[in-house]
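Okay, structure first, notes after.
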């Protein structure tokens, strides 16, 4: 069975802690312990379902204007929006038949599509 294992995102050199805070504090990823053979610029995070986000420092980091990571949050999206509001974090919302969608950028400028449950589900 095909299943997404991880997404590797580029971040600027020195941007790992801000990015980690976004992943852990907002999206509920957890930091993973790395193997001794893992390059020192790599940082790994895992979600409860086992999918991972890997971060790689890149001195020439340029976030894409269109590419993005999309994750399903279901009913938890409303709580995340409230958390964003309390923190003053900027985002945009779109309501569709398929559910509410929040677009935001992480501290490195990478785009995220956060998907909520359809209305009435």
*Provide the gained length on full extension for the span residue 34 to residue 1, in nm with one decimal, where the gain is 0.36 nm per separating residue minus the Cα-Cα distance.*
9.3 nm
*So in the chain, what percent of DSSP beta bridges are antiparallel if you round to the nearest 5?*
60 percent
_Run lengths n ≥ 4 of DSSP H only: what is the helix-derived mean residue ellipticity at 222 nm for the chain, with -39500 (n - 2.57) per run over all residues, to the nearest 500?_
-4000 deg cm²/dmol
_Given bins 10 angstrom wide, list per bin the percent of all Cα-Cα distances in region 22-85, short to long._
16, 42, 34, 8
*For the peptides 85-96, 12-23, 62-73, what is the packing order when you average, over each peptide's residues, the other Cβ atoms within 10 Å and list the highest mean first?*
12-23, 62-73, 85-96
*Under the Kirkwood approximation for Rh and a Cα-based Rg, what ratio Rg/Rh is obtained for the chain?*
0.97
_Using 0.36 nm times the number of residues separating residue 117 and residue 25, minus their current alpha carbon distance, what extension gain do you get?_
31.0 nm
_Relative contact order of the chain, please, whole-number percent, based on alpha carbon pairs below 8 angstrom and at least 6 residues apart._
26 percent
*What angle, in degrees between 0 and 90 and rounded to the nearest 10, separates the Cα long axis of helix 77-87 from the longest principal axis of the Cα atoms of the chain?*
70 degrees
*May I ask you to compute the full-extension gain from residue 13 to residue 71, defined as 0.36 nm times their residue separation minus their alpha-carbon distance, rounded to one decimal in nm?*
18.4 nm
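Throughout, read-outs are computed from the coordinates displayed, never taken from laboratory work. The shown structure was predicted, so the numbers you read here are calculated from the model rather than taken from an experiment. Glycine also receives a Cβ, built like all others from the backbone with ideal geometry; neighbour counts cover every protein chain displayed.
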